[in-house]
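Data block below; observations after.
The values are calculated or read from the model by the stated rules, or taken from the named source; none is laboratory data. From a predicted model like this one, the values you see are computed outputs, not experimental measurements. Note that we place each Cβ from the backbone using ideal geometry, even for glycine, and neighbour counts take in every protein chain shown.
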Amino acid sequence: MLTPNYNLQPFNTLSISAQAKFFATVSNLPSLLDVVSTARKKKLPLLLLGGGSNIVLTDNFPGIAIKLNLMGRELVKETDECVWLRAGAGENWHELVNHCLSHHYWGLENLSLIPGCAGAAPIQNIGAYGVELKDVFYELEAVQISTGDTVVFNKDACQFGYRDSIFKGRLKDQFIITSITLKLCKTPKHTVVYPALAAALKAIPEASLTPADVSTAVCAIRRSKLPAVEEIPNAGSFFKNPLISHALYSTLQRSHPTMPAYDQGAAGVKLAAGWLIEQAGWKGKGMGGVLMHKHQALVLTNPKRASGAAVLKLAQAVCTSVVERFGVELEIEPRVYP
Ligand code: FAD
Ligand code: EPU
């Protein structure tokens, strides 16, 4: 059941070569509980793997890597206006989106083409083109690693924020998400606020817009900027968009009047990390075989399948440039292991 010394290169989209001390694939709850209990007995840490599209492996992992293949989609409740859809943690995210499109359910269309699995979606509250997971999230089920008990978390309990949840904070590494339940609309409810999305859908009258129309436009925008992981290894945005104070924003805005910025009220102003990185001269540039993408400077790519150390070296150099140029700190978005 546990395979020793297993190379995780095919299981992370940056295609970094690193070994897990042990590897297991689990397809049902009893086998997951079995591996969790073994990890507890052997005092080994766990690395939970969905699609591996938001992790950076900087060294071998000294514990058990578990590929979560918990599958299944189930309509758990339906009213005239809504459906509650449960998906196993191992369900591919984009296939789940397509399933909803084929049933004309509204809610996931803006989140089309995000790589990875349903179980990871709550971890960083995935978001794109004006929608975040929290907007459609109902509840999730998770196994507590220390006890093996199943616990249900509703939306409030997950403490979702921008690329954030309780599972990255206070409950980090304490739970394994086994399923998520989403509340989706059967009646039209679209979010077309992102400028390029609004422009792409301009020709379609609002009354005849379908979730599939929105998804098609989102996919086209994504394909124009973001490299497909099968072609160029990457982990999407490598940094979060930074939140700065209104005072720092006023100062920066005076010297950079075209700088994109998004007012977050009392919380401050969010800047576009991709713009900062491009201005710092890194777009299409890199070191050690690792590059900031030529069409989207926020995406770090690893075409030569360099090591995690090389990836972090470029990330550090980019951060230093941005601090020197703008006085703004960037925070890495994917989870860095071990
Ligand atoms: P993994 O990389 O396998 O895991 C990520 C983290 O979650 C790890 O710490 C892992 O241990 C943990 N984890 C995974 N599954 C579970 C589970 N069941 N229970 C507990 N912990 C778990 N993200 C966005 O938000 N918006 C985007 O637009 C977006 N675009 C992307 C584009 C590209 C080209 C790429 C490569 C990535 C993009 N991402 C985006 C990031 C990534 O796709 C998401 O974060 C996604 O949810 C990760 O899913 P995964 O299954 O690959 O997670
Ligand atoms: N920009 C540049 N140069 C670049 C990249 C971006 O000037 O090289 C500018 C753009 O012109 C735009 C602004 O920066 O004015 C924002 O760019 P974009 O709309 O492409 O989005 P982003 O902020 O770079 C975020 C998410 C993406 C998500 C998109 C769409 C984060 C960290 N990233 O990117 O999520 O798909 O918005 O909503 O919030 C991910 O998390 O992995 C991810 C890909």
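Among the candidates 115, 122, single out the residue that is crowded, with 23+ Cβ neighbours inside 10 Å and either in a loop (DSSP other than H, G, I, E, B) or under 10 Å from the mean Cα position of the chain (by Cα) (or both).
122
For the stretch 221-244, indicate whether the set of residues that are modelled with pLDDT of 95 or more, over 23 Å from residue 53 (Cβ atoms) and either over 18 Å from the mean Cα position of the chain (by Cα) or more than 14 Å from ligand 2 (Cβ to nearest atom) (or both) is non-empty. Scanning the stretch 221-244 turns up at least one residue that is modelled with pLDDT of 95 or more, over 23 Å from residue 53 (Cβ atoms) and either over 18 Å from the mean Cα position of the chain (by Cα) or more than 14 Å from ligand 2 (Cβ to nearest atom) (or both). Every test in (1) closer than 30 Å to residue 100 by Cβ; (2) surrounded by 13 or more Cβ atoms within 10 Å (Cβ to Cβ); (3) more than 16 Å from ligand 1 (Cβ to nearest atom) is passed by residue 208 save one, and that test is (2).
Selection of the stretch 251-307 for residues being more than 14 Å from ligand 2 (Cβ to nearest atom) and under 19 Å from the mean Cα position of the chain (by Cα) yields only 302.
Taking the criterion of being among the basic types (Lys, Arg) and either closer than 20 Å to residue 329 by Cα or touching a residue at least 40 places away in the same chain (Cβ under 8 Å) (or both), the only residue of the stretch 286-306 that qualifies is 305. Please indicate, with yes or no, whether at least one residue in the stretch 180-188 is modelled with pLDDT under 95, in contact with a helix residue (DSSP H, G or I) (Cβ under 9 Å, 6 or more places away or on another chain) and either closer than 30 Å to residue 78 by Cβ or surrounded by fewer than 16 Cβ atoms within 10 Å (Cβ to Cβ) (or both). Yes, that holds for at least one residue. Just one of (1) surrounded by fewer than 18 Cβ atoms within 10 Å (Cβ to Cβ); (2) within 16 Å of ligand 2 (Cβ to nearest atom) fails for residue 330. It is (1).
Where residues in the stretch 211-226 are of a type in the set (D, E, K, R) and surrounded by 15 or more Cβ atoms within 10 Å (Cβ to Cβ), which of them is farthest from residue 106 (Cα to Cα)? In this case the residue turns out to be 222.
Is it the case that the stretch 79-93 has a residue that's closer than 30 Å to residue 188 by Cβ, of a type outside the set (Phe, Trp, Tyr) and either touching a Gly at 6+ places or on another chain (Cβ under 6 Å) or within 16 Å of ligand 2 (Cβ to nearest atom) (or both)? Looking through the stretch 79-93, at least one residue is closer than 30 Å to residue 188 by Cβ, of a type outside the set (Phe, Trp, Tyr) and either touching a Gly at 6+ places or on another chain (Cβ under 6 Å) or within 16 Å of ligand 2 (Cβ to nearest atom) (or both).
Here's the yes/no breakdown for (1) touching a Pro at 6+ places or on another chain (Cβ under 7 Å); (2) in contact (Cβ under 8 Å) with a residue 12 or more places away in the chain:
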| site | (1), (2) |
| --- | --- |
| 9 | no, yes |
| 13 | yes, yes |
| 51 | yes, yes |
| 61 | yes, yes |
| 71 | no, yes |
| 74 | no, yes |
| 77 | no, no |
| 82 | no, yes |
| 87 | no, yes |
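Of the candidates 267, 309, the single residue that is more than 14 Å from ligand 1 (Cβ to nearest atom) and either free of Cβ contacts under 8 Å to residues at least 12 places away in the same chain or more than 29 Å from residue 230 (Cα to Cα) (or both) is 267. Of everything in the stretch 172-206 that is closer than 30 Å to residue 338 by Cβ and of a type outside the set (Val, Ile, Thr), the residue that is nearest to ligand 2 (Cβ to nearest atom) is 172.
Residue-wise test of (1) among the small types (Gly, Ala, Ser); (2) in a loop (DSSP other than H, G, I, E, B); (3) touching a helix residue (DSSP H, G or I) at 6+ places or on another chain (Cβ under 7 Å); (4) buried (at least 16 other Cβ atoms within 10 Å of the Cβ).
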| residue | (1), (2), (3), (4) |
| --- | --- |
| 178 | no, no, yes, yes |
| 190 | no, yes, yes, yes |
| 199 | yes, no, no, no |
| 228 | yes, yes, no, no |
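Only a single item in (1) more than 13 Å from ligand 2 (Cβ to nearest atom); (2) buried (at least 19 other Cβ atoms within 10 Å of the Cβ); (3) over 21 Å from the mean Cα position of the chain (by Cα) is not met by residue 337, and it is number (3).
When 31, 15, 37 are screened for being on the phi > 0 side of the Ramachandran plot and not in a strand (DSSP E or B), only 15 passes. From the list 140, 133, 113, the one residue that fits, being within 16 Å of ligand 2 (Cβ to nearest atom), out of contact with any helix residue (DSSP H, G or I) (no Cβ under 6 Å at 6 or more places or on another chain) and in contact (Cβ under 8 Å) with a residue 12 or more places away in the chain, is 133.
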